[in-house]
């Protein structure tokens with residue numbers, strides 16, 4: 001590198017890019033920046049976040065997390081963000097002030113930079129909660145006893161079916177659980193109302209596999225939308241009192 005030197009500091013013992021060493025470059029050019037007063041849209045009922053055009057489930061409620069904040073940062077094209085530690089420093093209910101310590105890699109060297117950001121929280125009811133509040137559903141799951149449960153008393157039957165359904169929910173995917181809107185007690189068991197027919201069918205298959213439930217599905221015409229018939233599905237699950245062998249074709 002004889003004859004080459006950093007045009008800013010004059011160093012000759014380091015690699016240069018366009019006549020400038022990396023230390024001088026990072027003093028002049030920010031490696032990471034935060035937007036001015038960005039907005040995080042969340043559902044006040046379930047905590048889901050609006051990401052682009054779709055809602056993503058979250059259990060964080062109104063608490064802002066790294067998954068909400070880190071994607072808002074903009075890194076230099078040659079820098080890669082490794083991790084960010086966020087600290088809330090102040091603000092109000094719908095406006096939060098935060099500081100982030102950003103670990104990143106730039107031109108082969110690990111560096112840490114600090115950012116500050118004021119984030120506005122916007123409450124907007126997600127589609128799923130809006131449907132639940134309007135008692136919207138596309139499928140109804142009927143939890144009923146099996147042929148061997150005719151002797152059960154009403155309270156005992158409902159309690160057993162409720163516990164059986166809780167065991168299914170524990171194994172179900174989050175999207176299947178989120179699709180369940182509300183449930184109603186009946187003398188013969190429970191009716192569970194679901195906003196996604198595919199989720200209802202998936203829950204029914206899981207119940208057949210895990211609990212030996214008998215599954216029967218029917219559909220009724222509910223109305224028309226965009227020129228097409230719209231059906232509501234009813235899925236009856238008869239859950240025996242005694243466990244049956246698990247099926248492998250779920």
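Do any residues in the range 151-174 that are in the same structural domain as residue 192 (by TED's automatic domain parsing) and touching a residue at least 60 places away in the same chain (Cβ under 8 Å) have Cβ atoms under 6 Å from those of residues that are in a helix (DSSP H, G or I) and surrounded by 12 or more Cβ atoms within 10 Å (Cβ to Cβ), where the two are at least six apart or on different chains, and which pairs are they?
These pairs meet every condition: 164/211.
Any idea which of (1) touching a helix residue (DSSP H, G or I) at 6+ places or on another chain (Cβ under 8 Å); (2) buried (at least 19 other Cβ atoms within 10 Å of the Cβ); (3) modelled with pLDDT of 85 or more is the one residue 182 doesn't satisfy?
Only one criterion in (1) touching a helix residue (DSSP H, G or I) at 6+ places or on another chain (Cβ under 8 Å); (2) buried (at least 19 other Cβ atoms within 10 Å of the Cβ); (3) modelled with pLDDT of 85 or more is unmet by residue 182, namely (2).
With 171, 122 as the choices, which residue is over 30 Å from residue 40 (Cα atoms) and under 26 Å from the mean Cα position of the chain (by Cα)?
Step by step, each of 171, 122 is checked, and only 171 is over 30 Å from residue 40 (Cα atoms) and under 26 Å from the mean Cα position of the chain (by Cα).
Of all residues being closer than 24 Å to residue 180 by Cα and in contact with a helix residue (DSSP H, G or I) (Cβ under 6 Å, 6 or more places away or on another chain) in the range 27-47, which is surrounded by the fewest Cβ atoms within 10 Å (Cβ to Cβ)? Just the residue, please.
Of everything passing the filter in the range 27-47, 45 is surrounded by the fewest Cβ atoms within 10 Å (Cβ to Cβ).
Taking the condition in the same structural domain as residue 43 (by TED's automatic domain parsing), touching a helix residue (DSSP H, G or I) at 6+ places or on another chain (Cβ under 8 Å) and in a strand (DSSP E or B), does residue 96 pass?
In short, no.
What number of residues within the range 114-155 satisfy the criterion of being surrounded by 13 or more Cβ atoms within 10 Å (Cβ to Cβ) and assigned to a strand (DSSP E or B)?
So the answer is 13.
Contact list please: Cβ distance under 6 Å, first residue in the range 51-71 and touching a residue at least 12 places away in the same chain (Cβ under 8 Å), second residue part of a helix (DSSP H, G or I), pairs at least six apart or on different chains.
57/174; 57/178
With the requirement that a residue be in a loop (DSSP other than H, G, I, E, B), modelled with pLDDT under 90 and touching a strand residue (DSSP E or B) at 6+ places or on another chain (Cβ under 8 Å), what does the range 20-35 give you?
Passing the criteria: 30, 31.
What's the total number of residues in the range 48-74 that are at pLDDT 90 or above, in a loop (DSSP other than H, G, I, E, B) and surrounded by 15 or more Cβ atoms within 10 Å (Cβ to Cβ)?
Counting residues in the range 48-74 that are at pLDDT 90 or above, in a loop (DSSP other than H, G, I, E, B) and surrounded by 15 or more Cβ atoms within 10 Å (Cβ to Cβ) gives 3.
The values are calculated or read from the model by the stated rules, or taken from the named source; none is laboratory data. The structure displayed is predicted, hence computed values, not measured ones. All Cβ positions, even for glycine, are placed from backbone atoms using ideal geometry, and neighbour counts span all protein chains on display.
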